[in-house]
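A.B. asks: Here it is, the structure in full.
The values are calculated or read from the model by the stated rules, or taken from the named source; none is laboratory data. Because the structure is predicted, anything quoted here is derived from the model rather than measured. Cβ sites come from the backbone with ideal geometry, for glycine too, and all protein chains shown count toward neighbours.
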Amino acid sequence: MRQLLLLRHAKSSWDDPGQSDHARALNARGRRAAAGVRTALRELGLLPDVVLVSSARRTLQTLDALAPWDETPIIEPMDGLYLATAPQILKVINGVSDTVRSLMLVGHNPGLHELATQLAEAQAVLPNSNMLQRLADGFPAGAFAEFTIARRWRELGTQTGGAATEGSSRLVRFVCPRDLPEMAN
């Protein structure tokens, strides 16, 4: 089994209307949520082998907030993940080496939400319909989803042309910033 973590960048700032979208930074709320994600990942024992991250400033800052790592993963910033669609993200996943057991992608909506929804819909059994409904309702800034993947990375989505073949993935958890103690205030 493989583990796939999909993390949407934390809340970003819109204070400078002249700034390009790619250059937008995290705002104070986003920095606080990213710190909460760091704590949650550690408490859950979720430490990826490889992190693929969009080259946008807000995704890189979200990833920086997850440091320090107990074991530093291989980190690869990718221009191709900037505002990538679900099929584009899936293509990136299909290119990951089979030696990678745990993969994290840090990116953007709507692509992350579409991919997460497609992966969740491929579940053969729906163990937690509340969690699936929350995911279907949206993938807010700073949220992450954990999936177990029963296939090799290159096989994910190749059987049916969709994001996943039934039974090939299972949504383990979906955590939103509002679920984090750091965001209670």
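A.B. asks: Within segment 128-158, take every residue that is in a loop (DSSP other than H, G, I, E, B) and more than 25 Å from Thr39 (Cβ to Cβ) and give me the one that is modelled with the highest pLDDT.
C.D. replies: Of everything passing the filter in segment 128-158, Arg152 is modelled with the highest pLDDT.
A.B. asks: Restrict the check to segment 80-97 and report whether at least one residue is among the basic types (Lys, Arg), exposed (fewer than 13 other Cβ atoms within 10 Å of the Cβ) and at pLDDT 95 or above.
C.D. replies: So far as segment 80-97 goes, no, none of its residues is among the basic types (Lys, Arg), exposed (fewer than 13 other Cβ atoms within 10 Å of the Cβ) and at pLDDT 95 or above.
A.B. asks: Check segment 60-75 and report whether any residue there is within 14 Å of the chain's Cα centre (by Cα), within 24 Å of Arg178 (Cβ to Cβ), free of Cβ contacts under 8 Å to residues at least 60 places away in the same chain and crowded, with 19+ Cβ neighbours inside 10 Å.
C.D. replies: Checked segment 60-75: at least one residue is within 14 Å of the chain's Cα centre (by Cα), within 24 Å of Arg178 (Cβ to Cβ), free of Cβ contacts under 8 Å to residues at least 60 places away in the same chain and crowded, with 19+ Cβ neighbours inside 10 Å.
A.B. asks: Any idea how many residues of segment 56-79 are modelled with pLDDT under 95 and among the β-branched types (Val, Ile, Thr)?
C.D. replies: 1
A.B. asks: With respect to Ala120, is the statement that it is of a type outside the set (Ser, Thr, Tyr), more than 14 Å from Leu7 (Cα to Cα), at pLDDT below 85 and surrounded by 20 or more Cβ atoms within 10 Å (Cβ to Cβ) true?
C.D. replies: No, not satisfied.
A.B. asks: Look through Ala116, Ala86, Ala122, Ala40 and report the one residue that is over 21 Å from Ser13 (Cα atoms), touching a residue at least 40 places away in the same chain (Cβ under 8 Å) and over 16 Å from the mean Cα position of the chain (by Cα).
C.D. replies: Checking each option against the conditions leaves just Ala122.
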